[in-house]
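S.K.: Please read through the structure below; I'll follow up with questions.
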Amino acid sequence: MDLLNTLADKGLRRELPTRDEALAVLETSDDELLDVVAAAGKVRRHWFGRRVKLNYLVNLKSGLCPEDCSYCSQRLGSKAEILKYTWLKPDEAASAAEAGLKGGAKRVCLVASGRGPTDRDIDRVSQTISAIKDQHEGVEVCACLGLLSEGQAARLQEAGADAYNHNLNTSEATYGEICTTHDFSDRQETVRQAQGAGLSACSGLIAGMGESDGDLVDVAFALRELDPDSVPVNFLIPFEGTPLADQWNLTPQRALRILAMVRFVHPDAEVRLAAGREVHLRTMQPLALHLANSIFLGDYLTSEGQAGQSDLDMIADAGFEVEGTGTTTLPEHREHPGQRAGDLVAVRRRGAGTALPPNA
Ligand code: SF4
């Protein structure tokens, strides 16, 4: 297929596909699906080989959110039966991270529900980052705390955070249909603040909320404008008790096409297979490893994933390998100072004290 050869060639050159080309990927037939996976898989292997990075979520604060994101089980007025609790203490969060790190996770994602952190919350998270990094040298820590106010990204960076996650989720045109308490530009602004403070930006989308193919392409292109280093692709888990409870729109084939489209638009970014992979990709999950180079290990924020060992077995059975702590995830042109594998250890051993490089 000319389209797929063109897209694979562009991906190898980090060249942005046209909007029509990205749309055409979503419109391919089931007969063409393996060709789509093979073409996008070529791009994935070019930038990331057969490595799979493992990430582990720690939910620092769950539920009780004043925002009304309609996909979210923690939203204002949610009737979803989820655990609700306020901030984990730093040592509790560090213990919670243990399980993932023992399973091979390289990155711990510290997530808190809410519109955004207060300055006191930033203090708590800073202590948590120290507690984790003191016990696990070289681990990457990503914070996901909502909308940031002026100066908060810099404080997280100084506290040792490597990355900040804030997803765009859906297209600008449909954002108002899924959330009324903040808007698309608020989200873009937070991603820019994180980047401005030297944090590695992580920003992605949620598919399956009733959006059109055009919306999916729009959010993928809006993300490319921000150029995050990691792009999580979530598939909606329609929680009972939320407005999107009956939105079961995805098939495994569509989920694979969406991942392929995102890979073509973000060829050299860490495309992460995130929430909903088990329920929507089901037995097709191993094929998704040809498209995404990163997954969450184990459970998600308010839902259970498959057991960590099943993920590790799946990776091995599909012919992929877990990315080790001695390997740098991103291609060289995307590396952030201090995030090269081994840099942190080397700098600490040199006794650089406060002269740690940005992001270390
Ligand atoms: S996505 Fe975040 S901001 Fe939105 S309702 Fe859920 S916890 Fe609150």
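The values are calculated or read from the model by the stated rules, or taken from the named source; none is laboratory data. Since we're looking at a predicted model, the values are computed, not measured. Ideal geometry is used to build each Cβ from the backbone, glycine not excepted, and the neighbour counts take in all protein chains shown.
S.K.: Restricting the search to segment 95-118, which residues are among the charged types (D, E, K, R), under 28 Å from GLU189 (Cα atoms) and either away from the ligand (no atom under 11 Å from the Cβ) or free of Cβ contacts under 8 Å to residues at least 40 places away in the same chain (or both)?
M.R.: As a first pass, look at segment 95-118 and keep what is among the charged types (D, E, K, R): 98, 102, 106-107, 115.
This time we only want the ones that are under 28 Å from GLU189 (Cα atoms), so: 106-107, 115.
LYS106, ARG107 - these are the residues of segment 95-118 that are among the charged types (D, E, K, R), under 28 Å from GLU189 (Cα atoms) and either away from the ligand (no atom under 11 Å from the Cβ) or free of Cβ contacts under 8 Å to residues at least 40 places away in the same chain (or both).
S.K.: Now a separate question. Going by the conditions given, is ARG44 more than 16 Å from the ligand (Cβ to nearest atom), among the charged types (D, E, K, R) and under 19 Å from the mean Cα position of the chain (by Cα)? Don't jump to the end; show me each part of the working.
M.R.: Values: more than 16 Å from the ligand (Cβ to nearest atom): yes; among the charged types (D, E, K, R): yes; under 19 Å from the mean Cα position of the chain (by Cα): yes.
Yes: the conditions hold for ARG44.
S.K.: Let me ask something else. How do the pairs read when you match residues in segment 18-38 that are without any contact (Cβ under 8 Å) to a residue 24 or more places away in the chain with residues anywhere that are in a helix (DSSP H, G or I), using Cβ under 8 Å and keeping only pairs 6 or more apart or on different chains?
M.R.: Hits for this filter: ALA24/LEU3.
S.K.: Taking LYS61 as meeting all but one of (1) crowded, with 16+ Cβ neighbours inside 10 Å; (2) under 20 Å from LEU256 (Cβ atoms), write down the number of the exception.
M.R.: Condition (2) is where LYS61 drops out.
S.K.: Sort through SER185, SER230, SER171 and tell me the only one that's closer than 29 Å to HIS333 by Cα and over 18 Å from the mean Cα position of the chain (by Cα).
M.R.: Values: SER230 fails: over 18 Å from the mean Cα position of the chain (by Cα); SER171 fails: over 18 Å from the mean Cα position of the chain (by Cα).
Only one candidate qualifies: SER185.
S.K.: Could you tell me whether any residue of segment 318-325 is surrounded by fewer than 17 Cβ atoms within 10 Å (Cβ to Cβ), modelled with pLDDT of 55 or more and over 21 Å from the mean Cα position of the chain (by Cα)?
M.R.: Scanning segment 318-325 turns up at least one residue that is surrounded by fewer than 17 Cβ atoms within 10 Å (Cβ to Cβ), modelled with pLDDT of 55 or more and over 21 Å from the mean Cα position of the chain (by Cα).
S.K.: Name the residue that is surrounded by the fewest Cβ atoms within 10 Å (Cβ to Cβ), counting only residues in segment 273-294 that are within 21 Å of CYS202 (Cα to Cα) and in contact with a Lys or Arg (Cβ under 8 Å, 6 or more places away or on another chain).
M.R.: Filtering segment 273-294 for residues within 21 Å of CYS202 (Cα to Cα) gives 273-277, 288-294.
Next, only the ones that are in contact with a Lys or Arg (Cβ under 8 Å, 6 or more places away or on another chain) stay: 288, 290-294.
Values: ALA288: 23, HIS290: 25, LEU291: 25, ALA292: 26, ASN293: 26, SER294: 25.
Ranking the qualifying residues of segment 273-294, first place goes to ALA288.
S.K.: So which residues in segment 142-174 are over 22 Å from ALA222 (Cα atoms) and part of a helix (DSSP H, G or I), if there are any at all?
M.R.: GLN152, ALA154, ARG155, LEU156, GLN157, GLU158
S.K.: Same structure, new question: Go through the residues of segment 17-27 one by one and say whether even a single one is assigned to a loop (DSSP other than H, G, I, E, B) and within 23 Å of the chain's Cα centre (by Cα). Write out each step before concluding.
M.R.: Initially, segment 17-27 is screened for residues assigned to a loop (DSSP other than H, G, I, E, B), giving 17-18, 27.
Imposing the further condition that a residue be within 23 Å of the chain's Cα centre (by Cα) reduces the set to 17.
Yes, that holds for at least one residue.
S.K.: Let me ask something else. Read through the list (1) within 16 Å of the ligand (Cβ to nearest atom); (2) assigned to a loop (DSSP other than H, G, I, E, B), then give the number of the only condition that GLU211 fails.
M.R.: (1)
S.K.: Within segment 166-178, does at least one residue satisfy the condition of being within 15 Å of the ligand (Cβ to nearest atom), crowded, with 23+ Cβ neighbours inside 10 Å, without any contact (Cβ under 8 Å) to a residue 60 or more places away in the chain and polar (S, T, N, Q)?
M.R.: Scanning segment 166-178 turns up at least one residue that is within 15 Å of the ligand (Cβ to nearest atom), crowded, with 23+ Cβ neighbours inside 10 Å, without any contact (Cβ under 8 Å) to a residue 60 or more places away in the chain and polar (S, T, N, Q).
S.K.: Got at least one residue in segment 239-261 being surrounded by fewer than 23 Cβ atoms within 10 Å (Cβ to Cβ) and small (Gly, Ala, Ser)?
M.R.: Yes, because at least one residue in segment 239-261 is surrounded by fewer than 23 Cβ atoms within 10 Å (Cβ to Cβ) and small (Gly, Ala, Ser).
S.K.: Mind counting the residues in segment 52-94 that are charged (D, E, K, R), in a loop (DSSP other than H, G, I, E, B) and more than 8 Å from the ligand (Cβ to nearest atom)? Can you show your working first?
M.R.: Applying the first criterion (charged (D, E, K, R)) to segment 52-94 yields 53, 61, 67-68, 75, 79, 81, 84, 89, 91-92.
Among the residues that remain, those that are also in a loop (DSSP other than H, G, I, E, B) are: 67-68, 75, 79, 81, 84, 89.
With more than 8 Å from the ligand (Cβ to nearest atom) added as a condition, the list becomes 79, 81, 84, 89.
Selection size over segment 52-94: 4.
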